[in-house]
1. Among the residues of the range 262-272, are any open to solvent by 20 Å² or more (accessible area, probe 1.4 Å) and either of a type in the set (A, V, I, L, M) or at pLDDT 95 or above (or both)?
2. If we keep just the residues of the range 95-110 that are of a type in the set (A, V, I, L, M, F, W, C) and in a strand (DSSP E or B), which is most open to solvent (accessible area, probe 1.4 Å)?
3. Any chance the range 269-277 includes a residue that's touching a residue at least 40 places away in the same chain (Cβ under 8 Å) and over 19 Å from the mean Cα position of the chain (by Cα)?
4. Here are some residues: THR320, THR254. Which one is in contact (Cβ under 8 Å) with a residue 40 or more places away in the chain, touching an Asp or Glu at 6+ places or on another chain (Cβ under 8 Å), surrounded by fewer than 24 Cβ atoms within 10 Å (Cβ to Cβ) and not basic (Lys, Arg)?
5. Name the residue, out of THR164, THR142, that is in contact with a Gly (Cβ under 6 Å, 6 or more places away or on another chain), of a type in the set (Ser, Thr, Tyr) and touching a residue at least 24 places away in the same chain (Cβ under 8 Å).
6. Restricting the range 230-255 to residues that are part of a helix (DSSP H, G or I) and either among the hydroxyl-bearing types (Ser, Thr, Tyr) or in contact with a strand residue (DSSP E or B) (Cβ under 9 Å, 6 or more places away or on another chain) (or both), which is farthest from VAL361 (Cα to Cα)?
7. Do any strands (runs of 3 or more DSSP E) entirely within the range 111-216 hold 3 or more residues that are open to solvent by 10 Å² or more (accessible area, probe 1.4 Å) and either among the hydroxyl-bearing types (Ser, Thr, Tyr) or at pLDDT 95 or above (or both), and if so, which?
8. Cβ-Cβ under 8 Å, sequence separation 6+ or interchain: first residue in the range 285-306 and at negative phi and surrounded by 21 or more Cβ atoms within 10 Å (Cβ to Cβ), partner at pLDDT below 95 and aromatic (Phe, Trp, Tyr). Which pairs?
Amino acid sequence: MSPTSGRPTAPRPARRTLLTAALTGGAVLGLGGLLTACGSDGSGSGSGGSDGGTAKPSDKPSGGSTPDQKSVKQGGDDYAAVIEKMKGFGTDAAPGVYPRTIKHAMGETVIPAKPVRVVVLDTGELDNVVSLGVQPVGVVHTDGSKTMPSYLKDKAGSPANVGTINSLNLEAIAALKPDLILGSQLRAQDQYEQLSKIAPTVFSLRPGYPWKQNFLLNATPFGLEAEAKSQLDAYQAAAAAIGAGLGDKRPTITPLRFMPGKTRLYAELSFIGTILTDAQLPQPKIMQVKELAVEISPEQIDKADADWVFYGVYGTPSSTNQDAVLGGALWKTLGAVKSGQARPVPDETWFLGLGVAAANVVLSDLKGFVAKGA
C-alpha cells in the first residue's frame, strides 16, 4: 500500500493496539460497562440511531420496547460485536514514530507523517481533534445546526465548510489538500474509497455511545494517545465526584429531546446516557434499556417525568412539537415541571457534542443544577 493513499490493507495477524491496552488495562475509569455493550448515537440524520435525524429505510427496529413505544435501532446483539472489533483498533507504533499504521473500521491506513491538515466528518471528530489542540481545515455540519458549535468556536479556528453529515462535498474536501480525514463507517462507508484517495482516512465504527474509544482512536494519527487518555481520566474523575458528592440522594434524570417528527427519551446507549452513568445519576425505569432512546408521542410526555428533566431541541423549535408539548396541559402535570426542575439545555453539547469537551460541559451543567452545593 502506498504510504500516502490511506487505503485499507489486509489486517496484520498479531497487533497490540492502544485501544486494547487502554481499555482492558482499566486505566480509564468507568469503561467496564462500555466494554460490555456498545451502541451508537450521533449528530445529524441519516444513520440508524443517530442522535439527530431519522434512520435509513434499511434500519429495522430492534427489540426492547413495549407496544406503546417506538423502538430506536440502537441496541441488540451487534453491540458486543462492535466492542470486540474496537478492541483491535489503534496502532502499535511508538509515540512520535512515523510512518504509523492504524487499524480501524475499514481496514488499515498508513499515516506517513504527523497530520497538520485535518478534515472531520462529524461532531464527535470535531470535538476530539479540537480537544487535542488541533484546528481542522475542514468540517461538516449537522442539518440541525450548520454553524460551528459555540462551545468549540474559540479553539477550532476557521475551518472550511465541506458539506453536511449526510451530504459530503468531496470536491471541497479535495481542494483543501488534507493529510488526514476522520469519520465513521456508520456515516460515510459509501464514500470511504473516494475519501481515501484524497487523503489517509481513519473511520470509527459509529459515533455517539462509544465516544471514549473514538477519542482514543482519533488521537492515534497524531501520536496523542497519552493526551487523550489523560483527558478521559480527568473526565471520569469529575463525573465520579458528582455522584460521590450527592451521596445517597441521587435524583432521577430524564434527557428529553424534541426532533422533527419525533420526541425522544435518551437511554443507556447514548452519549448523554454514558455521562449519567459515569456520574452515577439514575434515569427513570423507562430509560433503563440497552437502546439509544425510547420514542414517545406528545400524548405520552408524562413518561418523561423524573426529579429533573433536561430538554433540548434539534434544529429550530418550530420544526418540532416542542412548543405544543411545553404549552400543553399534560406537561404541566409533571413533577419536575411543578418543582421548577425541568430545564432547557444546549443540544450542541448534551446530544450532539459526542466528545470529551462536550461531556465536560454537560458535567458542569449537571453540577450547577443537580449537584449544586454538593
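1. Yes, some residue in the range 262-272 is open to solvent by 20 Å² or more (accessible area, probe 1.4 Å) and either of a type in the set (A, V, I, L, M) or at pLDDT 95 or above (or both).
2. Among them, the one singled out is VAL110.
3. Within the range 269-277, not a single residue is touching a residue at least 40 places away in the same chain (Cβ under 8 Å) and over 19 Å from the mean Cα position of the chain (by Cα).
4. Working: THR320 fails: touching an Asp or Glu at 6+ places or on another chain (Cβ under 8 Å).
Checking each option against the conditions leaves just THR254.
5. Numbers: THR164 fails: in contact with a Gly (Cβ under 6 Å, 6 or more places away or on another chain).
None of the others qualify; the one that does is THR142.
6. Taking the range 230-255 as the starting set, the residues that turn out to be part of a helix (DSSP H, G or I) are 230-246.
Applying the additional criterion that residues be either among the hydroxyl-bearing types (Ser, Thr, Tyr) or in contact with a strand residue (DSSP E or B) (Cβ under 9 Å, 6 or more places away or on another chain) (or both) yields 230, 235.
On the way: SER230: 17, TYR235: 10 Å.
This residue is SER230.
7. Here the list reads 160-164.
8. Short answer, once both residue conditions are applied: LEU292/TYR209.
The values are calculated or read from the model by the stated rules, or taken from the named source; none is laboratory data. Worth saying up front: this structure is predicted, and the values here are computed from it rather than measured. Glycine gets a Cβ as well: all are built from the backbone with ideal geometry, and neighbour counts include every protein chain shown. What goes into the accessible areas is simple: the full protein's heavy atoms, side chains included, and nothing from ligands, DNA or RNA. Shrake-Rupley method; radii C 1.70, N 1.55, O 1.52, S 1.80 Å.
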